[in-house]
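The values are calculated or read from the model by the stated rules, or taken from the named source; none is laboratory data. In this text, all values refer to a predicted model and were calculated from it rather than measured experimentally. Cβ sites come from the backbone with ideal geometry, for glycine too, and all protein chains shown count toward neighbours.
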Number of protein chains: 4
Amino acid sequence: MIRTETAIRVRYVETDAMGFVHHANYLSWFELARIEMLDAINLSYKELETAGYYLPVLGVAITYRKPAYFDDRLIVVCYVRDLPRLQIKIEYEIFREETLLATGSTDHAFINKEGRPIRPPKNFVDGFKTAMTG
Amino acid sequence: MIRTETAIRVRYVETDAMGFVHHANYLSWFELARIEMLDAINLSYKELETAGYYLPVLGVAITYRKPAYFDDRLIVVCYVRDLPRLQIKIEYEIFREETLLATGSTDHAFINKEGRPIRPPKNFVDGFKTAMTG
Amino acid sequence: MIRTETAIRVRYVETDAMGFVHHANYLSWFELARIEMLDAINLSYKELETAGYYLPVLGVAITYRKPAYFDDRLIVVCYVRDLPRLQIKIEYEIFREETLLATGSTDHAFINKEGRPIRPPKNFVDGFKTAMTG
Amino acid sequence: MIRTETAIRVRYVETDAMGFVHHANYLSWFELARIEMLDAINLSYKELETAGYYLPVLGVAITYRKPAYFDDRLIVVCYVRDLPRLQIKIEYEIFREETLLATGSTDHAFINKEGRPIRPPKNFVDGFKTAMTG
C-alpha cells in the first residue's frame, strides 16, 4: 500500500456564505493530493500527460464529517491499495490535527489523446510496484 | 417522487486542460439543480437560510460516464424520492440531449446557525408533501 | 457600438465567508457575457476555437461598488465600442435591478494554436461590422 | 515598502480548455499572497475578521504577459508602498523563474460587520509601520 500526506492551507476563495469550505473544493484537494502522491513515488502527472496519457475521473465519493474553515491547516492522506491496471482507485482522508474531517475516493481510467482506454505506461506501473513492495 | 429539470450551459471557466469540464463542477451544477428543484415546489433556499436553517452536504457520489465540453447545453434532472426528515437525499442525472453523461447523489442535514442538527421547518416539509402527493 | 445583456443568477458556490460573492467570479460572469454578446451578433466563440483562433485575456480591470449576494438576479451589460483588429476591448456593467454593482473591462488578443498573434477571421470582423452599422 | 514572496504550484483545476491557467485564478493567487504578506509582518487576516474587520476588494487590475501552465512553480511577489488608512493598495508580480508572467493590483477598504467603512485596528497599522520602518 502507498500512503502519502499533503499539507493544505484553506484559501478564502474556497469558503462559502455558510462560513465553511464549499464542498466542491474537496475534489480539488484530492486532485492535489494524488499529484503529490505521484511525486512521492517519482512519477509526474504532467509528464504522463506530455507522453499522451490522461487520467480522467470515472467516479468520486465523499463523506463530510465536520466542516473545514478559512485558514485551516489540513492534511490530506492519500492511499493506493492496488496496482494500477486499466483503472486506478485512490482513497483519501482529510484531517485537521487529530480530527478526521472527511473521507473519500476517486476512480480513474487511463485514456489516450483520442479518449480511448489504454494501459498505463510501463514506467508508471513499475513506479507503483517499487513503491508498494519497497 | 419529485422530478425537476435544470438547464445548464457549460462555462469556459468550468473546463480544464484535458479539454473537458473539470469534474468538481458537477457538484456546483447539482447545487444549482437542487435550488431550482426547491423553486419548482415553491420553496426558497435563500429564505430557508434567512430563517436560520442550513443544508450542509453530508455526502456526495458521482459516476462520470462521458465527458462534457465547453458550451454544451445540458439538462440536470433532480429527483427526491423521500420526504425530508432530519436529512434529505437528492439524486441527479446529467444529460446532453439523449446522452446520459453522469449520475450522482447528495445527502444533506438540516442544521441551525449554531451547527446543531434540527428538524426542517414545517412549511418546508409541507412543500415536499404537497409536491409528492400532488 | 454593440450593447447586449446577460442574465445571471448568483450560485451558492460563488459566495464566500464574508457572505458576498467572491470577487474572482465577476471575471467568469464577464466571460459568460462576452460569449452571449458573440451569440447575439451570430458569432460563436466555440466555432472560433474550432477554427483555430483563441481569445486569451491580456488584461482586466474591475471596480466593485456594492456587493452581490447569493441568489441575486443580475444583469451583465456588455459593450464593444471598436471593431476588433489584432485586439478587442470589451466593457461591462453589472446591475441588480437599477443598482450598478460593478464596472469592468477586458482586453483580448487573437492568437492561433501555436500562440502567435493573428488577425481575427473575416467572418468575425464582418459580424462586428454588421452589428455596429446596423 | 513591504515586499514578500509566496510560492504557488499551479493546480489542475486552475487550467482551462485553452491549456493555460484560467485568468480568474490570478485573483485567488493575489488573495493568497496578501494573506501570506500579512503573516510575514505578524498580522493574521483570520484574526482581523474574528475581531470584526473585513477587507473587501474595491478594485482589481491585472495585466497578463505570458500564460501559466499546469504544475508551474510560480512566485507571487507582493508589495505595499503606503500605510493602510481607510483603504489599502497592494501590488503583485507573478514570476516563473526569471520570467514575469503578470502584474496586478488590488484596492481594499476596511469595513465592520455592518458593512460600514472603518479605520483599521491600531495593531494592524502598527504592524505595517514596524514592517515599513524596520
| note | Result of the Cβ filter at 8 Å on the stretch C:49-62, keeping first residues that are within 8 Å of chain D (Cβ to nearest Cβ) and partners that are surrounded by fewer than 19 Cβ atoms within 10 Å (Cβ to Cβ) and of a type in the set (D, E, K, R), at least 6 apart or interchain, is C:Tyr54/C:Lys113; C:Val57/C:Asp107; C:Leu58/C:Asp107; C:Gly59/C:Asp107; C:Val60/C:Asp107
| message | If I go through the stretch C:29-71 residue by residue, how many of them are farther than 15 Å from C:Pro121 by Cα and of a type in the set (S, T, N, Q)? | response | 1
| field | Search result, residues across the stretch C:1-19 that are facing another protein chain (nearest Cβ under 7 Å) and either acidic (Asp, Glu) or in a loop (DSSP other than H, G, I, E, B) (or both) | value | C:Arg11, C:Asp16, C:Ala17, C:Met18, C:Gly19
| field | Residues satisfying the stated conditions in the stretch B:63-100, i.e. of a type in the set (A, V, I, L, M, F, W, C) and within 7 Å of another protein chain (Cβ to nearest Cβ) | value | B:Phe70
| Only one residue in C:Gly104, C:Gly127, C:Gly115 is in contact with a Leu (Cβ under 6 Å, 6 or more places away or on another chain) and either among the small types (Gly, Ala, Ser) or within 19 Å of C:Glu31 (Cβ to Cβ) (or both), so which one is that? | C:Gly127
| message | Every residue in the stretch A:84-134 that is over 13 Å from the mean Cα position of the chain (by Cα), free of Cβ contacts under 8 Å to residues at least 60 places away in the same chain and closer than 13 Å to A:Arg3 by Cα, please. | response | A:Thr133, A:Gly134
| task | Could you please find all residues in the stretch C:33-48 being free of Cβ contacts under 8 Å to residues at least 40 places away in the same chain and among the basic types (Lys, Arg)? | result | C:Lys46
| request: Would you check which residues across the stretch A:1-27 are modelled with pLDDT of 95 or more, under 27 Å from A:Thr130 (Cα atoms) and not β-branched (Val, Ile, Thr) and list them? | output: A:Arg3, A:Glu5, A:Ala7
| task | Within the stretch C:20-31, work out how many residues are facing chain A (nearest Cβ under 7 Å) and under 19 Å from D:Thr50 (Cα atoms). | result | 1
| note | In the stretch B:1-21, anything under 21 Å from A:His108 (Cβ atoms) and touching a strand residue (DSSP E or B) at 6+ places or on another chain (Cβ under 7 Å) is listed as B:Glu14, B:Thr15, B:Asp16, B:Ala17, B:Met18, B:Val21
| request: Examine the stretch D:75-95 for a residue that is basic (Lys, Arg) and under 27 Å from B:Val13 (Cα atoms), and state whether such a residue exists. | output: no
